[in-house]
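Structure first, then comments.
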Amino acid sequence: MSVTAALTALVACSSFCPLTATAADFLSSGTDFQPPASDDQSQQPSVEFQMTPDQLYGQNQVDNTQDSIDNSNVDVSHQFHLHESSEWPFPQKIDNHIGQISGVSISKDNLVYIFHRGDREWNQTTFFQNNVFREKNKGPISEQVVVVLDPKNGSVIKRWGSHRFYMPHGITVDHENNVWLTDVALHQVFKFDHNSGNVLMTFGTAFEPGTDSNQFCKPTSVAVTTSGEFFVADGYCNSRIIKYSADGQILLQWGRSTLVTGEMLVPPYQLWIPHALTLAEDKELICVADRENSRVLCFNINNGTFKFEINPPLFQRLFSVAYSPVADGLFYVLNDKNMDIVTETIAQGIVINATSLEVIGQFHPKNNEFLRPHDMAVSPDGTSVYVVELIRSHVRKFVIDSDIKNKFINQSNDSFKFSLDDIILNKYNVLENCPGLRENSGKQILVIMLIIAVGLFFTAAIFVTVLIYTRTKSLGVMKTMVTVKDNSISTIVG
């Protein structure tokens with residue numbers, strides 16, 4: 001790596017800014033199958049939200065809004081293409097012990113984790129109107145609800161999690177291979193050790209939905225940073241996002257239920273079932289699939305400030321969003337059909353360029369579409385995408401076409417073969433371990449140009465200094481020689 005690139009890396013890695021807090025209120029109902037029937041607050045649990053009005057409404061600011069990109073007339077089917085893996089043994093049920101698969105996540109060593117519901121199904125009778133679980137008397141699910149699969153052939157490596165959960169929803173495997181799970185019946189979030197299966201942390205009160213800082217109401221998803229801080233999407237009722245420190249202290253929270261209907265523009269802090277979270281740490285973003293508002297919202301990872309919205313016309317109900325830093329950033333969005341609206345849109349995966357926010361690809365099963373797709377995950381190297389279907393209990397694996405992989409993925413992973421033009425044009429993720437630089441390409445180019453200018457200035461200054469010193473020293477030597485010569489002549493003459 002050149003001196004200039006090294007200087008760029010040193011300057012780019014900067015500290016995070018301090019955190020502020022806002023909060024959310026309002027409850028709504030909902031299931032995995034249909035949008036909430038109403039937002040009737042009279043049916044919700046009477047729990048007082050313990051934050052001041054200033055904390056509730058005063059501290060989040062909209063930093064930047066971008067018009068959604070209209071891709072309705074653009075053929076994107078072959079720009080960034082994925083196909084189902086021929087080596088993957090599914091789509092089919094893994095075995096008869098697998099129920100509705102609600103979540104999928106990939107570990108750092110590329111193992112595939114799924115979270116399923118065994119013999120339980122979520123339907124319109126599963127919860128009371130106040131979001132309390134109706135079927136507590138059935139006891140916990142007897143099956144092992146966490147299943148670990150081999151990424152090459154789909155064989156089962158490990159199972160665990162029996163007699164603990166009532167209605168599984170989200171699963172996340174963090175950078176230390178800890179497993180985070182959400183249960184919408186328990187209204188709780190758990191952190192598990194992946195080796196022992198022991199609970200490391202528990203958040204929320206079992207079977208008690210609520211809105212205060214110590215309770216959840218049907219939490220859906222967790223996202224964990226490399227530093228250990230984590231975000232919880234809470235979820236079907238509270239429609240808020242909460243950020244925690246690594247030791248479980250609340251740092252900030254934002255969001256509330258959507259209060260507008262029809263064709264009105266929905267503000268960025270009004271959510272309608274934040275269903276899945278994903279982190280783009282290289283861009284300092286936390287993004288959420290706002291399911292019933294048919295959009296992806298991205299916020300600053302440090303202070304919750306709104307950054308931008310992704311909302312092309314082909315979006316319907318968004319069940320999941322995943323991010324990969326390869327090729328300078330890609331969002332994968334899982335789009336299901338809105339059953340109440342007749343549309344040509346199919347249930348499919350959509351690929352979004354994280355810089356331009358344009359749709360660059362679509363993918364779905366061969367000659368078909370997904371049936372109730374519920375979650376998705378991307379492999380660490382960015383070459384594989386996994387999608388789970390709720391009803392059929394299928395785990396599908398998609399791989400990026402070889403020409404796309406060679407053009408984008410392989411090049412972006414080669415951090416030492418680049419030119420100055422490549423750095424300036426942002427083709428390669430040269431500083432993939434320094435997230436502060438790449439918030440946007442304009443800042444990157446400016447920083448690089450400034451560093452180059454400073455480097456050239458100091459190089460020139462050093463050169464001039466050395467030149468002056470050398471010339472001065474040479475003149476001094478010559479003067480000494482002349483003096484000695486004169487003295488010698490004087491001695492001879494005298």
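General observations
- Multiplying the residue separation of Glu281 and Phe128 by 0.36 nm and subtracting their alpha-carbon distance yields 51.2 nm.
- Modelled FRET efficiency - R0 45 Å, Lys138 with Leu265, Cβ distances, 0.05 increments: 0.55
- Placing dummy labels 7 Å off each Cα toward the beta-carbon, the span from Asn214 to Asp150 is 4.7 nm.
- The ranking of Met201, Met376, Met264 from fewest to most other beta carbons within 10 Å of each one's beta carbon is Met264, Met201, Met376.
- Estimated at 0.36 nm per residue, the fully extended path between Gln79 and Asp119 surpasses their Cα-Cα distance by 10.3 nm.
- If R0 equals 56 Å, the separation of the Cβ atoms of Lys93 and Ala461 corresponds to a calculated FRET efficiency of about 0.20.
- Which of Ile101, Ile157, Ile141 has the fewest Cβ neighbours within 10 Å, and the rest in rising order: Ile157, Ile141, Ile101
- Among the lysines of segment 73-210, pairs at least eight places apart or on separate chains and with Cα atoms under 19 Å apart come to 6.
- Cβ-to-Cβ counts within 10 Å put Trp160, Trp122 in ascending order as Trp160, Trp122, the fewest first.
- Between Trp160 and Thr202, residue separation times 0.36 nm minus the direct Cα-Cα distance comes to 13.4 nm.
- Once the Cβ-Cβ distance of Ser245 and Ile468 is raised to the sixth power relative to R0 = 60 Å, the FRET efficiency obtained is 0.65.
- Label-point gap, in nm, between Thr225 and Glu176 - each point 7 angstrom along Cα→Cβ: 1.5 nm
Every read-out reported here was derived from the displayed coordinates using simple, explicitly stated rules and does not represent laboratory data. Keep in mind the model is a prediction, meaning the values are calculated, not measured. Neighbour counts are summed over all protein chains in view; Cβ atoms, including those assigned to glycine, are modelled from backbone coordinates with ideal geometry.
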